[in-house]
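Contents: one structure, followed by commentary.
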Amino acid sequence: MAVVESIKDRLSAEISSDALDRRIASAAQALIGQAHPDGHWCFELEADATIPAEYVLLTHYLGETADAALEAKIAAYLRRIQGQHGGWPLFHEGDFDMSASVKAYFALKMIGDATDAPHMRRARRAILERGGAARSNVFTRALPALYRQVPWRAVPVMPVEIMLLPQWFPFHLSKISYWARTVLVPLLVLQTLKPRARNPRGVTINELFTTPPDRVREWPKGPHQKRPWSQIFGAIDAVLQRADPFFPKTKRKQAIAAAVAFVDERLNGRDGLGAIYPAMANAVMMYDALGYPPDHPQRATARESIEGLLVVKDDEAYCQPCLSPVWDTALACHALLEAGGAPAEAAARKALAWLKPRQVLDVVGDWAVQRPRVRPGGWAFQYANPHYPDLDDTAVVVMAMDRGGKTGGYDEAVARGREWVEGLQSRNGGWGAFDADNDYDYLNHIPFADHGALLDPPTADVTARCVSMLAQLGETPETSPALARGVERLLADQEPDGSWFGRWGMNYIYGAWSALCALNAAGVDPASAPVRRAVEWLAAIQNPDGGWGEGGDSYKLDYQGYEPAPSTASQTAWALLGLMASGDVDNPAVARGIEYLSRTQGADGFWDEPRYTAVGFPRVFYLRYHGYAKFFPLWALARYRNLQRGNSRTVSFGM
């Protein structure tokens with residue numbers, strides 16, 4: 001009976017061969033049409049309310065003349081994404097988040113929304129019912145401190161003298177992640193100088209506190225921060241709070257100079273410090289606090305870089321956390337190469353040519369502190385970020401060049417990328433995103449790390465991508481110690497239910513897709529227990545509509561297993577690509593998933609996906625890549641067609 005039902009499921013889910021071709025062609029044509037004239041793609045990258053709110057507050061901090069039209073559009077965006085609970089979530093239809101809500105309220109009030117407006121009353125009530133603005137996280141409290149809405153003791157002390165510490169010291173810049181490094185260094189100067197926001201409109205948010213901020217004695221810590229580390233670091237912070245005014249002035253001046261030199265070297269032109277908004281904004285405020293006038297080259301460059309993050313539409317506007325051109329372009333190449341056909345392949349070749357000169361070959365980035373003998377050779381996520389290329393982008397670009405650039409003169413680029421990836425393998429066999437061995441877990445317990453994302457340790461998804469790359473380039477566990485250790489790490493990281501944690505994509509679906517692709521490429525038997533457990537898990541969590549979905553709450557600390565969530569096109573595509581990589585193209589779950597993608601494709605060739613399917617920092621910062629629903633479903637549909645019609649049911653690429 002079960003076999004009969006399985007066959008019925010399969011037959012009911014199948015679509016005709018011609019219809020599949022039409023859908024693939026429509027999606028490919030639409031994707032090609034979204035390319036820039038030079039061949040690359042860069043889709044919107046949306047976060048939550050915090051970045052656009054911070055943009056508004058930055059302009060008023062600096063005392064700039066407000067762009068009323070732009071602020072009105074940002075206000076419209078913030079009002080639209082306000083949650084039913086009255087506050088602001090971290091992702092579409094998510095729960096109330098205190099930090100996002102405080103910043104959004106502050107920005108709307110700064111723009112001019114009346115505090116007795118219905119949406120402002122709802123927001124204020126939601127904030128106060130949950131303990132008030134004093135319950136927001138450290139980075140959120142730092143902004144009101146600059147506006148003198150909370151005392152500086154609400155922010156843990158991070159002396160600028162950190163810049164002078166030796167590398168062997170328990171806390172050193174090289175021991176934290178790239179994003180924490182670039183955000184923290186200019187913030188150290190701000191904490192030391194304690195400048196005051198101009199705030200020409202004199203806006204305050206006293207009404208968001210249940211207790212006057214000056215009377216608050218216990219500021220919250222992160223839910224991951226436990227004893228005894230939290231007590232130890234809390235005591236250290238208490239000592240530093242008292243000692244900070246007495247640090248030697250000569251050393252302080254020297255440390256500030258070191259911080260400025262760090263930022264100057266990595267200013268990165270119009271792409272900005274670290275090419276991420278928080279670091280870029282802190283750099284502008286640092287230069288301002290040091291007395292640099294608006295037309296000073298460094299300050300002007302830092303300020304200009306932020307404008308490139310704005311997305312301005314007819315009725316709304318928001319600020320992106322960063323730009324994703326290399327990532328979008330490399331993934332679009334994979335999808336188009338899978339789709340095949342002259343137009344798609346030509347577009348992919350043009351995109352690969354755009355990617356080639358963006359390889360970082362002449363800048364020895366921060367990663368070299370841990371791997372000084374490794375030559376540069378990676379790609380960054382953004383248009384330019386030479387000090388901070390990443391392993392994920394590099395592996396994906398290399399695999400695209402290996403697959404689609406056989407005659408394009410990419411051998412040297414592929415070789416250098418491969419060399420850099422192998423050189424950045426961590427001691428446990430895995431790979432992190434930007435650094436090797438960035439796993440000093442105790443640092444996530446310092447008061448400043450209440451977000452729990454101070455580090456960049458090896459993760460299953462990035463490890464899988466690097467394993468996939470090495471295997472696609474012809475390595476095997478027998479010929480490559482790096483590949484063998486990577487596979488061993490992946491198998492060790494598998495969850496008891498058969499999935500893998502997804503650090504950069506949401507979440508265990510993303511991890512399972514990444515790992516199954518890697519294990520297939522590395523030659524792991526598809527009948528092996530780890531692969532079968534993963535396949536069974538994916539099939540078991542498929543939604544009744546045939547798709548797959550997973551929410552941002554899957555990152556919670558007390559996560560006990562998969563929790564149902566609405567289907568999305570990108571997560572459905574990941575599940576399908578993972579199942580097909582495991583040799584399960586004929587699994588009824590695959591047929592149902594293909595039918596879901598076929599049924600939900602829009603008339604424009606794309607898929608509507610308002611839900612967030614990626615993450616910046618688990619539990620703190622989530623991302624919606626607007627390109628994911630444009631290239632991942634195309635990729636999955638094309639792979640299904642190719643496997644069904646080909647001579648082999650085995651995926652022969654790393655992704």
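Taking every C-alpha pair closer than 8 Å and separated by at least 6 residues, the mean separation divided by the residue count of segment 356-449 gives a relative contact order of 29 percent.
Per the 1.4 Å probe, what fraction of the accessible area of segment 138-226, in percent, lies on carbon and sulfur atoms? Kindly include the intermediate steps, with their values, before the conclusion.
Details: 2000 of 3620 Å².
Answer for segment 138-226 is 55 percent, counting heavy atoms of protein chains only.
When you filter the GluC sites (Glu not before Pro) in segment 428-489 for DSSP loop state and at most 13 other Cβ atoms inside 10 Å of their Cβ, you are left with Glu478.
Pairs of alpha-carbon atoms within less than 8 angstrom and 6+ residues apart define the contacts here; what relative contact order does segment 507-655 have, in percent?
On the way: 209 pairs, mean separation 43.0, N = 149.
Contact order relative to length: 29 percent.
Note down the net charge around Glu563, summing +1 for each Lys or Arg and -1 for each Asp or Glu among other residues with Cβ under 10 Å from its Cβ.
On the way: positive: Lys556; negative: Glu550, Asp553.
Net charge around Glu563: -1.
Quick one: dipole size for segment 55-161, taken about the Cα centre, charges +1 on Lys/Arg Cβ and -1 on Asp/Glu Cβ, in debye to the nearest 20.
Working: 14 positive and 10 negative charges, 70 e Å.
Value, rounded to 20: 340 debye.
Which of the three applies to segment 363-520, rounded, prolate or oblate, going by the alpha-carbon gyration tensor with a ≥ b ≥ c and a/c under 1.5 meaning rounded? Note, shape of segment 363-520 comes out oblate. Among the trypsin sites (Lys or Arg not before Pro) found in segment 283-354, those both in a DSSP coil and sparsely packed, with 13 or fewer other Cβ atoms within 10 Å of their Cβ, are Lys313.
Loop-resident chymotrypsin sites (Phe, Trp or Tyr not before Pro) (DSSP state other than H, G, I, E or B) in segment 416-481 with no more than 16 further Cβ atoms inside 10 Å of their Cβ: Tyr440. A 1.4 Å probe run over the chain, with the rest of the protein chains in place, finds 38 Å² accessible per residue.
Taking the C-alpha atoms only, the angle from helix 2-13 to the longest principal axis of the chain is near 70 degrees.
Using the Cβ of Val311 as centre and a radius below 9 Å, the other residues enclosed give a net charge of -2, where K and R count +1 and D and E count -1. The helix-only estimate of mean residue ellipticity at 222 nm for the chain, built from DSSP H runs of length n ≥ 4 each weighted as -39500 (n - 2.57), is -15500 deg cm²/dmol after division by the residue total.
Under the criterion of Cα pairs below 8 Å and six or more residues apart, the relative contact order for segment 87-174 equals 19 percent.
The values are calculated or read from the model by the stated rules, or taken from the named source; none is laboratory data. Note that the structure is a prediction, hence the values are computed from the model and not measured. When we count neighbours, we look across all protein chains shown, and the Cβ atoms used for this are built from the backbone with ideal geometry, even at glycine. For the accessible areas, the whole protein counts, side chains as well, though only heavy atoms, and no ligand, DNA or RNA atoms are used. Shrake-Rupley method; radii C 1.70, N 1.55, O 1.52, S 1.80 Å.
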